[in-house]
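Report on the following structure.
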Amino acid sequence: MFNQNDFDVFNDRTLEGRMTKIKTIIDPKFEQLAGTLQPILQDKGVIVYSHIAKHLRRTINPPVDTWVAFGPHKKGYKKDPHFEVGFWPDCMFVWLDVLQEARVQEGITSRVMQSEKLVSYLGNNWSISNDHTTSTVVKNTSENLAAIVSKFSNLKTSEFLVGKMWPSNDQFFL
């Protein structure tokens, strides 16, 4: 579904050009992905709604990334743990995100802290992060995971992300 050409949308430096390419090249693939995943998850009893990034607040600078989020509510995804599939100019990502907006939920911090042991079983070929606005991540080692979880539990603006990233030149896209 995704290929090397999908990264070319980020070569356009203009807002209008990049937005047009995102809407005509990437967003239809996100819609196709949602149409494929939603019935599979629904058969397993998991109801998710897709939310494709619209970048509506962009007026000058083109978006540095784009994504589709899958969450449990029709009206939004940021206030709940959710999955995202998206692109940075140099990689594609699949994340489980707990954004700072989700921190209003009672018990979310303790659930992230409890997940530390489960996430450690994934191994270091997975990545973790405290910030969804950057493609900078760290390997899922016990030391990094402890630091990420500690930061999430102690800093109000911190986030918790665990997932995979594929560089744009990965054979996955060939």
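I'm told Ala146 meets every condition in (1) surrounded by fewer than 14 Cβ atoms within 10 Å (Cβ to Cβ); (2) at pLDDT below 90; (3) part of a helix (DSSP H, G or I) except one. Can you identify the failing condition by its number?
(2)
Out of Phe87, Phe93, report the one residue that is under 15 Å from Glu159 (Cβ atoms), part of a strand (DSSP E or B) and open to solvent by less than 50 Å² (accessible area, probe 1.4 Å).
Going through Phe87, Phe93 in turn, the sole match is Phe93.
Have a look at Gln100, Gln105, Gln114 and point out the one that is loosely packed, with under 14 Cβ neighbours inside 10 Å, out of contact with any Leu (no Cβ under 6 Å at 6 or more places or on another chain) and under 27 Å from Phe30 (Cβ atoms). Break it down into steps so the answer makes sense when it comes.
On the way: Gln100 fails: loosely packed, with under 14 Cβ neighbours inside 10 Å; Gln114 fails: under 27 Å from Phe30 (Cβ atoms).
Every option except Gln105 fails the conditions.
Write out, first by first residue and then by second, each pair whose Cβ atoms fall under 7 Å of each other, whose residues are 6+ apart or on separate chains, and whose first residue, in the range 134-154, is touching a residue at least 40 places away in the same chain (Cβ under 8 Å) and closer than 16 Å to Pro167 by Cβ while the second is open to solvent by 60 Å² or more (accessible area, probe 1.4 Å) and not in a helix (DSSP H, G or I).
Pairs that qualify, where the first residue is touching a residue at least 40 places away in the same chain (Cβ under 8 Å) and closer than 16 Å to Pro167 by Cβ and the partner is open to solvent by 60 Å² or more (accessible area, probe 1.4 Å) and not in a helix (DSSP H, G or I), are Ser135/Asp90.
Taking the range 20-50 as the region of interest, how many residues are open to solvent by less than 50 Å² (accessible area, probe 1.4 Å), in contact with a helix residue (DSSP H, G or I) (Cβ under 9 Å, 6 or more places away or on another chain) and not β-branched (Val, Ile, Thr)?
Of the residues in the range 20-50, 2 are open to solvent by less than 50 Å² (accessible area, probe 1.4 Å), in contact with a helix residue (DSSP H, G or I) (Cβ under 9 Å, 6 or more places away or on another chain) and not β-branched (Val, Ile, Thr).
Which of the residues belonging to the range 51-78 are of a type in the set (A, V, I, L, M) and either open to solvent by less than 50 Å² (accessible area, probe 1.4 Å) or in contact (Cβ under 8 Å) with a residue 60 or more places away in the chain (or both)?
Answer for the range 51-78, where residues must be of a type in the set (A, V, I, L, M) and either open to solvent by less than 50 Å² (accessible area, probe 1.4 Å) or in contact (Cβ under 8 Å) with a residue 60 or more places away in the chain (or both): Ile52, Ala53, Val68, Ala69.
Among the residues of the range 130-142, is there at least one that is open to solvent by less than 40 Å² (accessible area, probe 1.4 Å) and outside any loop (DSSP other than H, G, I, E, B)?
Looking through the range 130-142, none of the residues is open to solvent by less than 40 Å² (accessible area, probe 1.4 Å) and outside any loop (DSSP other than H, G, I, E, B).
Considering the range 55-110 alone, what residues qualify as being under 19 Å from Ser135 (Cα atoms) and among the charged types (D, E, K, R)?
Matches in the range 55-110: Asp65, Lys78, Glu84, Asp90, Asp97.
List, please: which pairs have Cβ atoms under 6 Å, are six or more places apart or on different chains, and start with a residue in the range 5-28 that is outside any helix (DSSP H, G or I) and end with one that is open to solvent by less than 70 Å² (accessible area, probe 1.4 Å)?
That search, which allows pairs on different chains as well, returns Asp12/Arg18.
Find the residue count for the range 155-164, including only residues that are part of a loop (DSSP other than H, G, I, E, B) and touching a residue at least 60 places away in the same chain (Cβ under 8 Å).
Qualifying residue count for the region: 1.
Can we say Asn125 is farther than 27 Å from Tyr49 by Cβ, at pLDDT 90 or above and part of a loop (DSSP other than H, G, I, E, B)?
The answer is yes for Asn125.
Under the condition of being touching a strand residue (DSSP E or B) at 6+ places or on another chain (Cβ under 9 Å) and of a type in the set (D, E, K, R), which residue from the range 152-174 is surrounded by the fewest Cβ atoms within 10 Å (Cβ to Cβ)?
Asp170
The values are calculated or read from the model by the stated rules, or taken from the named source; none is laboratory data. Computed from a predicted model, the values in this text were never measured in an experiment. Positions of Cβ are generated from backbone atoms using ideal geometry, with glycine treated the same way; all protein chains shown enter the neighbour counts. Please note that ligands, DNA and RNA were not included when accessible areas were found on the heavy atoms of the full protein model with its side chains. Shrake-Rupley method; radii C 1.70, N 1.55, O 1.52, S 1.80 Å.
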